[in-house]
Amino acid sequence: MQKKFIIDNHTHLNMEPLYENYHELAKICKQKNMWLNLIGCDVESSKKAIEVAKDIKFAKAFIGIHPNDVTKFKIEEIEKVFDELYYQNQNIVLGIGECGLDRKDLVDETNFELQIKWLKFHAKMANKYNIPIMLHIRYAYKDLINLWDQFNFKTQVIIHCFCGNKQEAKALLEKRCYISFAGIVTHKKQADEWAIDSIKEVPLDRIFVETDAPCLTPKEYRKSTNINMPFYIFETYSFIAEIKNIGFDELVDVCNKNYLNAYNLKEIKEN
């Protein structure tokens, strides 16, 4: 029988302030029967994602350059780094990302053009390895949708921490994306403005739940800390299950099934 996990589709146990104590935090996650996607944002965190995934076993790694960091690197150098990381760790590296488009605090449109160039590169690498790609899109869903054909995505696209409206969700679903919701959906302002409607729009066979830890602490834990943890994800699962009018366990089952489908796996098993 396929083992059931509580999946955190996007988390950063490989980054500070969590990385310093990742052994202790991983023990708690294991006790709670969790499965983690550890996401890279630059070269260092991508390497650490692989390191932590190898160590704790109940995790996979993603390698990518965050759109806010693209000015720090050269594509030709990163292509060599990605080749080395992927081909030496094919059983660990599950996807490319996070990468994408980010208009928050954007002051120079030239920078956005560079982000587009880098997203094309990430898509090329995902196609080359034939693995999914995890996108960070902030205030740029319309850009992604309008430019979609330019990126030539040939593998599965997962939208991490979706914060768009239901029309944007619908457009991305028409592109066959999976949509992942983080703890920010539990915050009242976001829930009222877009989250509830967007969650309702996304069908069960296209949904994921994530923390984006250490960022985006769910409402209940936000009262006492601004440092999110992977095992805070239970509140977000419960919130989404209530909106979808299903039980917690049913949503967990759905996300486990989606994980197999989205990441082209026969089973979820420890490394």
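The values are calculated or read from the model by the stated rules, or taken from the named source; none is laboratory data. What you see is a predicted model, and the numbers here were worked out from it, not measured in a lab. Backbone-built Cβ (ideal geometry, glycine too); neighbour counts: all protein chains shown. The accessibility values were calculated without ligands, DNA or RNA, using every heavy atom of the protein model including side chains. Shrake-Rupley method; radii C 1.70, N 1.55, O 1.52, S 1.80 Å.
The residue pairs whose first member lies in the range 16-35 and is closer than 25 Å to K4 by Cα and β-branched (V, I, T), whose second member is at pLDDT 95 or above and assigned to a helix (DSSP H, G or I), and whose beta carbons are closer than 7 Å, counting only pairs six or more residues apart or on different chains, are I28/F231. The residues of the range 26-48 that are aliphatic (A, V, I, L, M), within 19 Å of the chain's Cα centre (by Cα) and either part of a helix (DSSP H, G or I) or surrounded by fewer than 18 Cβ atoms within 10 Å (Cβ to Cβ) (or both), listed by number, are A26, V43.
Just checking, does the range 189-197 include any residue being open to solvent by less than 10 Å² (accessible area, probe 1.4 Å), among the aromatic types (F, W, Y) and modelled with pLDDT of 95 or more? There is no residue in the range 189-197 that is open to solvent by less than 10 Å² (accessible area, probe 1.4 Å), among the aromatic types (F, W, Y) and modelled with pLDDT of 95 or more.
Scanning the range 221-238 for residues that are closer than 20 Å to K4 by Cβ, open to solvent by 40 Å² or more (accessible area, probe 1.4 Å) and in contact with a helix residue (DSSP H, G or I) (Cβ under 7 Å, 6 or more places away or on another chain) yields E235, S238.
Within the bounds of the range 95-103, is there any residue that is within 22 Å of N165 (Cα to Cα), outside any strand (DSSP E or B), free of Cβ contacts under 8 Å to residues at least 60 places away in the same chain and over 16 Å from the mean Cα position of the chain (by Cα)? Scanning the range 95-103 turns up at least one residue that is within 22 Å of N165 (Cα to Cα), outside any strand (DSSP E or B), free of Cβ contacts under 8 Å to residues at least 60 places away in the same chain and over 16 Å from the mean Cα position of the chain (by Cα).
Checked against (1) surrounded by 21 or more Cβ atoms within 10 Å (Cβ to Cβ); (2) over 15 Å from the mean Cα position of the chain (by Cα); (3) charged (D, E, K, R), E210 passes all but a single condition, namely (2). For the range 243-257, the count of residues that are β-branched (V, I, T), in contact with a helix residue (DSSP H, G or I) (Cβ under 6 Å, 6 or more places away or on another chain), closer than 20 Å to P132 by Cβ and without any contact (Cβ under 8 Å) to a residue 60 or more places away in the chain is nonzero.
State which residue pairs qualify: first residue part of a loop (DSSP other than H, G, I, E, B) and inside the range 193-220, second residue among the acidic types (D, E) and open to solvent by 10 Å² or more (accessible area, probe 1.4 Å) in any location, beta carbons under 6 Å apart, and separation of 6 or more residues or different chains. Short answer, once both residue conditions are applied: P218/E235.
Taken over the range 213-238, the criterion of being among the β-branched types (V, I, T) and within 18 Å of the chain's Cα centre (by Cα) is satisfied by T217, I227, I233, T236.
Tell me, yes or no, whether the range 71-94 has at least one residue that is touching a Cys at 6+ places or on another chain (Cβ under 9 Å), at pLDDT 95 or above and crowded, with 24+ Cβ neighbours inside 10 Å. Checking the range 71-94: not a single residue is touching a Cys at 6+ places or on another chain (Cβ under 9 Å), at pLDDT 95 or above and crowded, with 24+ Cβ neighbours inside 10 Å.
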